[in-house]
Amino acid sequence: MFKTRLFAGFIIIEVAALAVLYLSAASGVHLKEPEMSLKRSMVRAMKLTDIAFWTEARYTRHPSQADFFAPFQDFPSSVDHFPAGSVVPPPQIHGAKR
Amino acid sequence: MKGHGRIIEYALSTLARRKFKNFSVAAVFSVLIAVLSSILFLMHAYKTETLKLLDNSPEIILQNMSGGRHELIPTEYIGTLSGIAGVGQITPRYWGYYYDSLTSANYTLMAFDETMRDVKPIDGRMPAADGECAVGRGVADLRQVGIKDDIFLTLGTEQNVNLKIVGTFTANSAILTNDLVVLTKADLIKFFNMPADKATDITIEVNNPAEVSMVARKIRRTFPDSRPILKNELLRTYDNIFNWRGGIVLIMFFGAIAAFMIFVWDKATGINAEERQEIGILKAIGWETSDVLQLKFWEGVVVSLSSFLTGLILAYMHVFYFHAQFLAPVLKGWSVLFPKFEPMPYIDIYQIFVLFFLTVVPYVAACVVPSWKAAISDPDSVMR
């Protein structure tokens, strides 16, 4: 039964490692709660509306503030220049068949 | 229980006989799980953090539209807006974009207002007088400047401003402030040459959150050329963005997923002659069909469960300890300024269960089903 014990030991180690990682994630979130609270108050105080991820174009820096047709607004039929333009899915148009 | 133990022992011996093949399968399986889990972990972590943060955004942001484009909004609207029932605090925002040709990066310039005075995640302080500014960590690193250094911004001969840095936003707030330059309202208006009676947009708080959409409708009726953006829409946008982005990354790995599915399908639709003969011998020496099925079940469980757990551990380490090194270029796009990947470890157990049922269960089934076909056949004909 040596191999069975070896396999059981391997699975127990992996499950234990995952449990430790999960607990460390939970405690990490808990420990960072004061930091999150500061960032939340920052959003409120500075009236921020978007995250500073994609700074390559205005419609990717502030996707929530962009025009409905922002990726194509620079000139007629212009294609989307920026890879991050793909971050926003096409809007759901009510009543339109897709 | 003892019987199960012996079958597991035999299953492990069977796997060890074809160790190169089984090890390769386990390695590919682990990498596939690691890739899929990395995408799910990263997107879920950023989505959760973003939604938690932006839940504190203003209830309504009012933009002025002209010719279908965002236009500066007259501040005289504020008087009319404050007369609408249910409207709380109204604040004009002054902000804009600046392309820095020196570093080829875009900054977001924002005017300081008194509510920002006590913002905490900052080394130094917020600007108090004209000619001062606070910058995000990304701007400070890119321009290689710090507190007490000067930063020069120019839009031409007339529109330029030399600012003394009095504060830098901390690195852990980079997700919000990485590209920000906060300067006084007078400096910003002068720099962008904005008319004195206009703002970029107006934020509106609503006293009763249940009345937000009604207030927005009233605003729309009062100012037909305006576009009220609700906080709910803003949160929905980010929910979509991360789901969409995650979907796109998953599609990029579709080839790997498809290859694995073909492999599982190939396994499910038939077993090779050697395996068939082995089943025949086991049946001939007295194994029941159920014993053979248990054997194949355990073979599948050993490979898929150990690969699944290994893949999950690799994904966790990749995303939360190694800052998603392999996925970062996909998410970054062409952004010159991009905050360091340090997602908060929010984990959705439901996603892990879904991944388990979509990978481990089909693999185990693919091991058991063809063996069942062979196990119910006559041992003599199977061995031949």
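Numbers at a glance
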{"item": "Pairs beyond 31 Å (Cα-Cα), from A:39/B:148; B:120/B:190; B:47/B:296", "result": "B:47/B:296"}
{"item": "Under the Karplus curve 6.51 cos²θ - 1.76 cosθ + 1.60, θ = phi - 60°, whole-Hz ³J(HN,Hα) for segment B:352-360, x wherever Gly or Pro sits", "result": "5, 5, 4, 4, 4, 6, 8, 10, 5"}
{"item": "Cα-based convex hull, segment B:184-301, per residue volume (Å³, whole number)", "result": "282 Å³"}
{"item": "Separation of alpha-carbon centers, segment A:21-48 and segment B:38-96, rounded to whole Å", "result": "21 Å"}
{"item": "Number of partner chain Cβ atoms within 10 Å, mean per residue of A:33-44", "result": "6"}
{"item": "Mean residue ellipticity (222 nm) of chain B, computed from DSSP H runs ≥ 4 via -39,500 (n - 2.57), nearest 500", "result": "-17000 deg cm²/dmol"}
{"item": "Charge dipole (segment B:140-288, unit charges on Cβ, about Cα centre) - positive-most of B:238, B:262, B:272", "result": "B:238"}
{"item": "Value of Rg to Rh for segment B:20-107 (Rh from inverse mean 1/r over Cα pairs, i.e. Kirkwood)", "result": "1.29"}
{"item": "Peptide-level mean, for B:17-29, of C-beta atoms on other protein chains within 10 Å", "result": "0"}
{"item": "Whether segment B:128-264 is rounded, prolate or oblate, judged on the alpha carbon gyration tensor where a/c under 1.5 counts as rounded", "result": "oblate"}
{"item": "Top of B:38, B:335, B:307 by mean-square fluctuation, Gaussian network on chain B, Cα under 10 Å", "result": "B:335"}
{"item": "In degrees, nearest ten, helix B:19-54 long axis to first principal axis of chain B (Cα)", "result": "30 degrees"}
{"item": "Dipole in debye (nearest 20) - the protein assembly as shown, about Cα centre, beta carbon charges: Lys, Arg +1; Asp, Glu -1", "result": "1040 debye"}
{"item": "Magnitude of the charge dipole, segment B:5-96, Cβ model with Lys/Arg +1 and Asp/Glu -1, debye to 20", "result": "1040 debye"}
{"item": "Placed amide H near residue B:203: partners under 5 Å, 5+ positions off or other chain", "result": "B:62, B:91, B:93"}
{"item": "Reciprocal of mean inverse Cα separation for segment B:58-229 (Kirkwood radius, Å)", "result": "17.2 Å"}
{"item": "Segment residue B:263-residue B:372, length gained on full extension (0.36 nm per residue, minus Cα span)", "result": "37.4 nm"}
{"item": "Residue-averaged beta-carbon neighbours from other chains (10 angstrom radius) around B:346-358", "result": "1"}
{"item": "Largest to smallest principal axis extent of the C-alpha atoms in chain B, angstrom", "result": "95, 48, 38"}
{"item": "Violating pairs (Cα-Cα greater than 19 angstrom) within the set B:164/B:185; A:32/B:340; A:32/B:52; A:47/B:164; B:164/B:340", "result": "A:47/B:164; B:164/B:340"}
{"item": "Cβ-Cβ FRET estimate between residue B:24 and residue B:149, R0 fixed at 35 Å, reported to 0.05", "result": "0.05"}
{"item": "Over the protein assembly as shown - Rg/Rh using Cα atoms and the Kirkwood inverse-distance radius", "result": "1.12"}
{"item": "Whole-angstrom gap from segment B:116-164 to segment B:183-206, using each part's C-alpha centre", "result": "17 Å"}
{"item": "Choice from B:237, B:50, B:108 with maximal GNM fluctuation in chain B (Cα, 10 Å cutoff)", "result": "B:237"}
{"item": "Summed residue charge, Cβ within 14 Å of residue B:239's Cβ, Lys/Arg positive, Asp/Glu negative", "result": "0"}
{"item": "For residue B:86, net neighbour charge (Lys/Arg +1, Asp/Glu -1) across residues whose Cβ lies under 13 Å away", "result": "-1"}
{"item": "Gaussian network model of chain B, springs between alpha carbon atoms under 10 Å - residue of B:285, B:151, B:204 with greatest fluctuation", "result": "B:285"}
{"item": "Listed residues B:323, B:14, B:307: farthest to the positive end of the dipole of the protein assembly as shown (Cβ charges)", "result": "B:14"}
{"item": "Globularity ratio of segment B:241-301, using Cα Rg and 2.2 N^0.38 Å", "result": "1.77"}
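Values in this text are rule-based calculations from the coordinates and carry no lab data. Every value quoted in this text rests on a predicted model; they were computed, and no experiment measured them. We place every Cβ from the backbone using ideal geometry, glycine too, and count neighbours over all the protein chains shown.
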